[in-house]
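Chemist: Structure below; questions to follow.
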Amino acid sequence: MSGPVVGRCRGRRRGGPETVFGALAGRESWHAAGVPADPLTLIVGDEELLAERAVGEVVAAARADDPETEVVDLTPGGLEPGRLAELTSPSLFGGGKVLVLRSAQDLGKDLIAEVVAYAKRPADDIALVAVHAGGAKGKALVDGLAKAGARRVTCSKITKAGERVAFVRAEVRRSGGAISEDAARGLIEAVGNDLRELASACSQLVSDTGGKVDDEAVARYYRGRAEVSGFTVADKAVEGRLAEALEQLRWALATGTPPVLIVSALAQGVRGLAKVGGAPRGVRGAGLAKELGMPPWKIERVQRQLRGWTADGVAQALSVVAEADAQVKGGAADPAYALEKAVAQITAARGTR
């Protein structure tokens with residue numbers, strides 16, 4: 001299967017090339033074509049939503065072949081020596097099973113040896129799925145299953161802004177809709193970085209809008225969150241729009257946004273000005289993004305916000321957010337007043353010479 005890796009969840013079939021999990025890329029997976037579940041699957045990574053979907057793919061494949069397939073969840077604490085042999089022994093009543101071994105990295109040495117021994121001669125009507133969080137702990141299990149030919153699926157944490165945007169766009173496509181990059185970024189700013197919440201929001205937006213998700217739809221359905229985030233307050237402040245910044249600040253506080261998150265957003269906004277403003281002259285595009293460690297779209301936004309700012313003004317604003325951070329974290333009796341004062345001082349610093 002061609003196409004970009006979405007959500008950094010990748011699968012490799014036994015003896016086949018590395019492929020993207022279809023359900024994560026908004027496409028039909030290879031299981032949907034009637035291919036049976038692999039007898040051994042190793043899921044490695046700490047992105048829980050993607051790992052759960054990978055497990056769901058195996059279960060769906062097994063039940064497509066046999067609707068009566070039994071699914072058994074196992075944890076290290078509930079897996080006694082000999083239990084795996086009992087579960088994988090032939091049954092008088094027949095029927096397939098999917099054994100899902102959760103938190104496999106926590107298995108003890110003896111149980112790892114038992115699982116690896118079974119993997120060398122897996123039963124025909126049983127699919128074993130081991131879910132490992134990654135890292136060095138329990139590496140013997142990972143190595144043993146890999147040597148036995150297990151299909152490996154890697155579900156790493158999504159840490160980059162561009163990957164989250166790609167995830168959101170894939171989620172919307174998966175639900176039958178379409179969303180622009182700008183609208184996807186707006187949804188992330190509104191909902192946050194949690195994949196479960198983002199996936200739920202994508203599904204709901206497609207259902208409510210009929211499939212076309214644009215900036216207006218995101219603002220309309222997530223107005224209470226999108227417009228009162230700390231980042232919205234910060235954007236208004238660094239752009240010198242005092243009245244709007246104060247309005248959004250008061251609304252954010254009234255709806256329960258923690259002051260510490262707002263001051264953090266203000267700090268990020270001002271530091272962004274300093275970072276982009278102090279970048280080497282003559283460096284542009286991908287080179288500038290690599291130099292600053294920022295995505296190109298964010299650099300473009302900050303460059304627009306820099307208009308009207310001087311080096312002295314940015315330095316003054318940096319002092320303001322440092323003081324506001326100390327006050328919000330216990331140095332002031334009224335965090336709300338401290339934030340209002342900081343917003344006013346930041347907007348005033350814009351244009352300072």
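The values are calculated or read from the model by the stated rules, or taken from the named source; none is laboratory data. Quick caveat: nothing in here was measured; it's all calculated off a predicted structure. Using ideal geometry, Cβ is built from the backbone for each residue, glycine included, and neighbour counts are taken over all protein chains shown.
Chemist: Exactly one condition in (1) touching a residue at least 24 places away in the same chain (Cβ under 8 Å); (2) not in a loop (DSSP other than H, G, I, E, B) is not met by ASP143; state its number.
Modeler: (1)
Chemist: Please specify each residue of segment 79-108 satisfying the condition of being part of a helix (DSSP H, G or I) and out of contact with any strand residue (DSSP E or B) (no Cβ under 9 Å at 6 or more places or on another chain). Steps first, answer last, please.
Modeler: First, the residues of segment 79-108 that are part of a helix (DSSP H, G or I): 83-88, 104-106.
Correct list: ALA85, GLU86, ASP106.
Chemist: Based on what the data block shows, is VAL58 in contact with a strand residue (DSSP E or B) (Cβ under 6 Å, 6 or more places away or on another chain) and more than 22 Å from ALA146 (Cα to Cα)? Full working, then the answer.
Modeler: Details: in contact with a strand residue (DSSP E or B) (Cβ under 6 Å, 6 or more places away or on another chain): yes; more than 22 Å from ALA146 (Cα to Cα): no.
No: the conditions fail for VAL58.
Chemist: Among the residues in segment 120-138, are any of a type in the set (Lys, Arg) and not assigned by TED's automatic domain parsing to the domain that holds ALA85?
Modeler: The answer is no, given that none of the residues of segment 120-138 is of a type in the set (Lys, Arg) and not assigned by TED's automatic domain parsing to the domain that holds ALA85.
Chemist: Test each condition in (1) surrounded by fewer than 18 Cβ atoms within 10 Å (Cβ to Cβ); (2) in contact (Cβ under 8 Å) with a residue 60 or more places away in the chain; (3) in contact with a helix residue (DSSP H, G or I) (Cβ under 6 Å, 6 or more places away or on another chain) for LEU261 and report the one that comes out false.
Modeler: (2)
Chemist: Could you say whether any residue in segment 68-90 is within 22 Å of GLY177 (Cβ to Cβ), among the polar types (S, T, N, Q) and modelled with pLDDT under 90?
Modeler: no
Chemist: Identify all residues within segment 330-353 that are touching a helix residue (DSSP H, G or I) at 6+ places or on another chain (Cβ under 8 Å), over 17 Å from GLN268 (Cβ atoms) and not in a helix (DSSP H, G or I); write none if there are none.
Modeler: ALA332, GLY351, THR352, ARG353
Chemist: What number of residues in segment 93-117 are of a type outside the set (D, E, K, R), under 22 Å from GLU57 (Cα atoms) and out of contact with any Lys or Arg (no Cβ under 6 Å at 6 or more places or on another chain)?
Modeler: Keep residues of segment 93-117 that are of a type outside the set (D, E, K, R), which gives 93-96, 98-101, 103-105, 107-108, 111-113, 115-117.
Narrowing the set further to residues that are under 22 Å from GLU57 (Cα atoms) leaves 95-96, 98-101, 103-105, 115.
Restricting the remaining residues to those that are out of contact with any Lys or Arg (no Cβ under 6 Å at 6 or more places or on another chain) gives 95-96, 98-101, 103-104, 115.
The total comes to 9.
Chemist: Tell me which residues, restricted to segment 158-170, are among the basic types (Lys, Arg) and either under 30 Å from LYS120 (Cβ atoms) or surrounded by fewer than 16 Cβ atoms within 10 Å (Cβ to Cβ) (or both).
Modeler: Initial filter on segment 158-170 (among the basic types (Lys, Arg)): 160, 164, 169.
Within segment 158-170, LYS160 is the sole residue that qualifies.
Chemist: Out of segment 296-349, which residues are at positive phi and hydroxyl-bearing (Ser, Thr, Tyr)?
Modeler: Start the filter on segment 296-349 by keeping residues that are at positive phi, which leaves 308, 330.
Passing the criteria: none in range.
Chemist: Looking for whichever is β-branched (Val, Ile, Thr) and in the same structural domain as ALA190 (by TED's automatic domain parsing) here; the options are VAL276, VAL260, VAL270, VAL213. Which one fits? Explain how you work it out, then say what you get.
Modeler: Values: VAL276 fails: in the same structural domain as ALA190 (by TED's automatic domain parsing); VAL260 fails: in the same structural domain as ALA190 (by TED's automatic domain parsing); VAL270 fails: in the same structural domain as ALA190 (by TED's automatic domain parsing).
Just a single option satisfies the conditions, and that option is VAL213.
Chemist: Right, something else. Residue pairs, Cβ under 8 Å, 6 or more apart or interchain, first in segment 314-340 and farther than 15 Å from VAL238 by Cβ, second hydroxyl-bearing (Ser, Thr, Tyr) and assigned to a helix (DSSP H, G or I). List them.
Modeler: Short answer, once both residue conditions are applied: ASP325/SER264.
Conditions (1) on the phi > 0 side of the Ramachandran plot; (2) modelled with pLDDT of 90 or more; (3) among the polar types (S, T, N, Q); (4) touching a strand residue (DSSP E or B) at 6+ places or on another chain (Cβ under 7 Å), marked per residue:
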site: CYS202; (1), (2), (3), (4): no, yes, no, no
site: GLY210; (1), (2), (3), (4): yes, no, no, no
site: ARG223; (1), (2), (3), (4): no, no, no, no
site: PHE231; (1), (2), (3), (4): no, no, no, no
site: VAL238; (1), (2), (3), (4): no, yes, no, no
site: LEU242; (1), (2), (3), (4): no, yes, no, no
site: ALA245; (1), (2), (3), (4): no, yes, no, no
site: ALA265; (1), (2), (3), (4): no, no, no, no
site: GLN268; (1), (2), (3), (4): no, no, yes, no
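Chemist: Let me ask you something else. Only one of these is within 28 Å of the chain's Cα centre (by Cα), surrounded by fewer than 17 Cβ atoms within 10 Å (Cβ to Cβ) and either assigned by TED's automatic domain parsing to the domain that holds VAL238 or of a type in the set (S, T, N, Q) (or both): GLY285, GLY330. Name it.
Modeler: GLY285
Chemist: Taking segment 171-196 as the search range and keeping residues that are of a type in the set (Asp, Glu), assigned to a helix (DSSP H, G or I) and exposed (fewer than 14 other Cβ atoms within 10 Å of the Cβ), which one is modelled with the lowest pLDDT? Before the answer, list the steps.
Modeler: Initially, segment 171-196 is screened for residues of a type in the set (Asp, Glu), giving 171, 181-182, 189, 194.
Keeping just the survivors that are assigned to a helix (DSSP H, G or I) gives 171, 181-182, 189.
Now restrict to residues that are exposed (fewer than 14 other Cβ atoms within 10 Å of the Cβ): 181-182.
On the way: GLU181: 88, ASP182: 84.
Only one residue tops the list, namely ASP182.
Chemist: For residues that are over 17 Å from LEU74 (Cα atoms) and modelled with pLDDT under 95, scanning just segment 91-119, find the one that is farthest from the chain's Cα centre (by Cα).
Modeler: Filtering segment 91-119 for residues over 17 Å from LEU74 (Cα atoms) gives 91-95, 117.
Now narrow it down to the ones that are modelled with pLDDT under 95: 91-95.
Values: SER91: 41, LEU92: 44, PHE93: 42, GLY94: 40, GLY95: 37 Å.
The residue in question is LEU92.
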